[in-house]
1. Looking at Pro187, Pro173, Pro163, can you tell me which residue is buried (at least 23 other Cβ atoms within 10 Å of the Cβ), under 24 Å from Met100 (Cα atoms) and not hydroxyl-bearing (Ser, Thr, Tyr)?
2. When the stretch 240-254 is examined, which residues are found to be closer than 14 Å to Glu21 by Cα and within 14 Å of ligand 1 (Cβ to nearest atom)?
3. Restrict the check to the stretch 183-199 and report whether at least one residue is closer than 14 Å to His7 by Cβ and in contact with a Cys (Cβ under 7 Å, 6 or more places away or on another chain).
4. If you check every pair at least six apart or on different chains, which have Cβ atoms under 9 Å apart with a residue in the stretch 69-93 that is within 20 Å of Ala129 (Cβ to Cβ) first and a residue that is assigned to a helix (DSSP H, G or I) and within 16 Å of ligand 1 (Cβ to nearest atom) second?
5. So the check is Cβ under 9 Å with 6+ separation or different chains; which pairs have a first residue in the stretch 33-54 that's free of Cβ contacts under 8 Å to residues at least 24 places away in the same chain and a second one that's part of a strand (DSSP E or B) and more than 16 Å from ligand 4 (Cβ to nearest atom)?
6. Looking at Leu172 and the list (1) within 16 Å of ligand 4 (Cβ to nearest atom); (2) touching a strand residue (DSSP E or B) at 6+ places or on another chain (Cβ under 9 Å), which single condition is not satisfied?
Amino acid sequence: MPRADLHLHSNKSDGMLSPGEVVLEASKRNLAAIALTDHDTVDGVTEALRAGDKYNVKVVPGVEINTSVDNGELHILGYYIEHTEEGFVREMQRFKKFRMDRTFAIIKKLNTLGLYITKEQVLSEAKKADALGRPHIARTLIKNGYVSSVKEAFEKYIGQGRPAYVERRRLLPREAIELIKGYGGVPVLAHPGTLSSNLYIELCINEGIQGIEAFHSKHDANKADAFVNIARKHNLIITGGSDCHGEYKYNDDLLMGHTTVDARVIDRLKNMAYNNRMC
Ligand code: AMP
Ligand code: FE
Ligand code: FE
Ligand code: ZN
């Protein structure tokens, strides 16, 4: 049965591989299909689509939009979004600007705390990224010897509630769902297993989510089962993916391809996107 990994990041956000490399690695792992779902950017989609033609991997255009609920985060995937549409590109530009400003504000706080890293260092760490993020700051802190891991950087300094934390752009799940649908995409609730309460699943369902990522690296079999049942009950599309950022796990193999779904789910996503465009 052909398999698909529908949650992958590239260096256009906080992943390590270029979009082309993501697709090449997918072909090496015999994946029939992938979705590129960078945080708050579609900058890598065109390159991924081209690589998909070259390496014979079906590429689904995607994005992962970060939203806020109470004190936590809730991520919404958008599949088959009209990623070249002018209005959508403009929306993404606003995200980019916000992420840039936030990154600089975090650097300022770190400097005040006596951790001397510069904008230039972070920008050079982020290299090709369109969407700057805390992982780029964390990697810069490691390079400067202030921490020994990304995890430590979050726990000590830049995670929520830590001294150099700066609030993200507050976007509600409803706003992200509407944004995705408004540009012909299919909104899917990402990794519900990472939410602090299942009530947020209900919230997303009430606000028009069309799919649930039941299968994810952070979901064990019981969790996945529970999410499959919720999705079936509400007639939502069941998706899944590894959420690989280019990290090596499983005896030096990439995380990519270790959580997959039947590639036929892509037809459902495509049909749903078509319907969204019609309304
Ligand atoms: P940002 O988009 O700038 O708010 O950064 C969030 C990203 O940082 C997430 O998408 C994860 O990839 C990563 N991240 C969040 N929390 C942690 C953590 N505790 N340890 C390592 N990486 C994290
Ligand atoms: Fe990430
Ligand atoms: Fe996520
Ligand atoms: Zn992700």
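The values are calculated or read from the model by the stated rules, or taken from the named source; none is laboratory data. The structure displayed is predicted, hence computed values, not measured ones. Positions of Cβ are backbone-derived with ideal geometry, glycine not excepted, and every protein chain shown enters the neighbour counts.
1. Only one candidate qualifies: Pro173.
2. Passing the criteria: Cys244, His245, Gly246, Glu247.
3. Yes, the stretch 183-199 contains at least one residue that is closer than 14 Å to His7 by Cβ and in contact with a Cys (Cβ under 7 Å, 6 or more places away or on another chain).
4. Cβ pairs passing all conditions: Glu73/Thr194; His75/Ala176; His75/Thr194; Gly78/Ala176; His83/Met92.
5. Leu49/Val59; Asp53/Val59
6. Condition not satisfied by Leu172: (1).
Results for (1) in contact with a helix residue (DSSP H, G or I) (Cβ under 6 Å, 6 or more places away or on another chain); (2) of a type outside the set (Ser, Thr, Tyr); (3) at pLDDT 95 or above; (4) farther than 17 Å from Ser13 by Cβ, shown as yes or no for each residue.
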residue	(1), (2), (3), (4)
Lys109	no, yes, yes, yes
Thr112	no, no, yes, yes
Leu115	no, yes, yes, yes
Thr118	no, no, yes, yes
Val122	yes, yes, yes, no
Ala129	no, yes, no, no
Arg134	yes, yes, yes, no
Ile137	yes, yes, yes, no
Asn144	no, yes, yes, yes
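This table checks each residue for (1) in contact with a helix residue (DSSP H, G or I) (Cβ under 8 Å, 6 or more places away or on another chain); (2) more than 15 Å from ligand 3 (Cβ to nearest atom).
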| residue | (1), (2) |
| --- | --- |
| Gly184 | yes, yes |
| Leu189 | yes, no |
| Ser196 | no, no |
| Leu203 | yes, yes |
| Glu207 | yes, yes |
| Lys223 | yes, yes |
| Leu236 | yes, yes |
| Ser242 | no, no |
